[in-house]
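Asks: Sharing a structure below in structure tokens format, with a few things to ask.
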Amino acid sequence: VIRLECRVNDAASTTSIISDNKIFNVSQLNTSPGFTIIYDLTYSPQIYNNVLKNCIANTAISTSDYLNGIVQANASSNNITTAIKNNIIENIGINSNAIGAKVIGIYANTGMIELNSVNGLFNNSTSIIAEVRGIQFGNYAVVKNNSIRLGLDYNGNNLSSGIIFSGLFGDTYGTISSKILNNTIYLGGTNTSDANTYCLNFKILANPPQ
């Protein structure tokens, strides 16, 4: 996967700050399989006040690949100092018919995820296993006061789609629950297949989130 624009990959660092960036009109035009716009591998990142808008993958993406807005992939477990806050992610997506590819606004495996706005994510795949996920989180996360609108384009028009939409996707396998508090989720559009849509979609093998 190509990771564009902002990347912090020193996993030994105790903290990092990615803030107040405006990343607009990024297109992936070659044959590589997609991209991540902000990608952080440190153990205590602070990612806040960023705007990501009009970022599109135009070529085919394979089944296992993703287009991601913000990824925090390596923060230490139960690290409440990790924060993804006050970010705006609008009109990012996949503009090709790729089987099983996924669009994710924010992915974080732990920490505080709050006051983010995710709007107008799209995936033009016709596959019923393709997905759009507003915010995906792992164990120990606190997800609160976020605003997510899926199934509509950036201008508020209905999307006709046969893919899976999840406002919040909990990829939680550990023994300590995450907390989900006071989020606003809207799912619209026109479903053209038997694919499901979820405000909350949790893949949990232990305790459910609170």
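Asks: With the condition kept exactly as written, say whether any residue in the range 179-196 is in contact (Cβ under 8 Å) with a residue 12 or more places away in the chain, out of contact with any Phe, Trp or Tyr (no Cβ under 7 Å at 6 or more places or on another chain), under 17 Å from Glu90 (Cβ atoms) and among the β-branched types (Val, Ile, Thr).
Replies: yes
Asks: Something else: Return the residue satisfying two criteria in turn: it lies in the range 188-197 and is surrounded by fewer than 16 Cβ atoms within 10 Å (Cβ to Cβ) and either of a type in the set (Val, Ile, Thr) or touching a strand residue (DSSP E or B) at 6+ places or on another chain (Cβ under 9 Å) (or both), and of such residues it is modelled with the highest pLDDT.
Replies: In this case the residue turns out to be Gly188.
Asks: Condition (residue is assigned to a strand (DSSP E or B), under 19 Å from Ile37 (Cβ atoms) and hydrophobic (A, V, I, L, M, F, W, C)) applied to the range 147-159: is it met by at least one residue?
Replies: Yes, that holds for at least one residue.
Asks: Within the range 9-47, can you find the residues that are at pLDDT below 60 and either over 19 Å from Ala98 (Cα atoms) or open to solvent by less than 30 Å² (accessible area, probe 1.4 Å) (or both)?
Replies: Correct list: Asn9, Asp10, Ala11, Ala12, Ser13.
Asks: It is to be established whether one or more residues within the range 139-150 are open to solvent by less than 30 Å² (accessible area, probe 1.4 Å), within 14 Å of Thr197 (Cβ to Cβ) and small (Gly, Ala, Ser).
Replies: The answer is no; no qualifying residue exists.
Asks: Suppose we filter the range 131-141 for residues that are assigned to a strand (DSSP E or B) and more than 15 Å from Asn86 (Cβ to Cβ); how many remain?
Replies: 6
Asks: I'd like the residue in the range 98-118 that is modelled with pLDDT under 90 and among the polar types (S, T, N, Q) and, out of all such residues, is most open to solvent (accessible area, probe 1.4 Å).
Replies: Checking each candidate, the answer is Asn109.
Asks: Only one of these conditions is not met by Ile164: (1) hydrophobic (A, V, I, L, M, F, W, C); (2) under 19 Å from Asn50 (Cβ atoms); (3) crowded, with 21+ Cβ neighbours inside 10 Å. Which number is it?
Replies: In the conditions (1) hydrophobic (A, V, I, L, M, F, W, C); (2) under 19 Å from Asn50 (Cβ atoms); (3) crowded, with 21+ Cβ neighbours inside 10 Å, Ile164 misses (2) alone.
Asks: Sort out which residues of the range 48-67 are part of a loop (DSSP other than H, G, I, E, B) and modelled with pLDDT under 90, and write them in order of number.
Replies: Asn58, Thr59, Ala60, Ile61, Ser62, Thr63, Ser64, Asp65
Asks: Sticking with this structure for a sec: Would you please name the residue that is modelled with the highest pLDDT, looking only at residues in the range 119-142 that are within 16 Å of the chain's Cα centre (by Cα), among the hydrophobic types (A, V, I, L, M, F, W, C) and over 16 Å from Leu200 (Cα atoms)?
Replies: Restricting to residues being within 16 Å of the chain's Cα centre (by Cα), among the hydrophobic types (A, V, I, L, M, F, W, C) and over 16 Å from Leu200 (Cα atoms), the top hit is Leu121.
Asks: Identify, from the list Ile185, Ile180, the residue that is under 22 Å from Ile84 (Cα atoms), crowded, with 16+ Cβ neighbours inside 10 Å, in contact with a Leu (Cβ under 9 Å, 6 or more places away or on another chain) and at pLDDT 95 or above.
Replies: Only one candidate passes the filter, namely Ile185.
Asks: Please find, within the range 88-97, the residue that is farthest from Gly151 (Cα to Cα) out of those that are assigned to a strand (DSSP E or B) and open to solvent by 30 Å² or more (accessible area, probe 1.4 Å).
Replies: In this case the residue turns out to be Ile88.
The values are calculated or read from the model by the stated rules, or taken from the named source; none is laboratory data. Remember, predicted model here, so these are calculated numbers, not experimental data. Cβ: placed from backbone, ideal geometry, glycine included. Neighbour counts: every protein chain shown. Remember, those area values only see protein heavy atoms, side chains included, never the ligands or the DNA or RNA. Shrake-Rupley method; radii C 1.70, N 1.55, O 1.52, S 1.80 Å.
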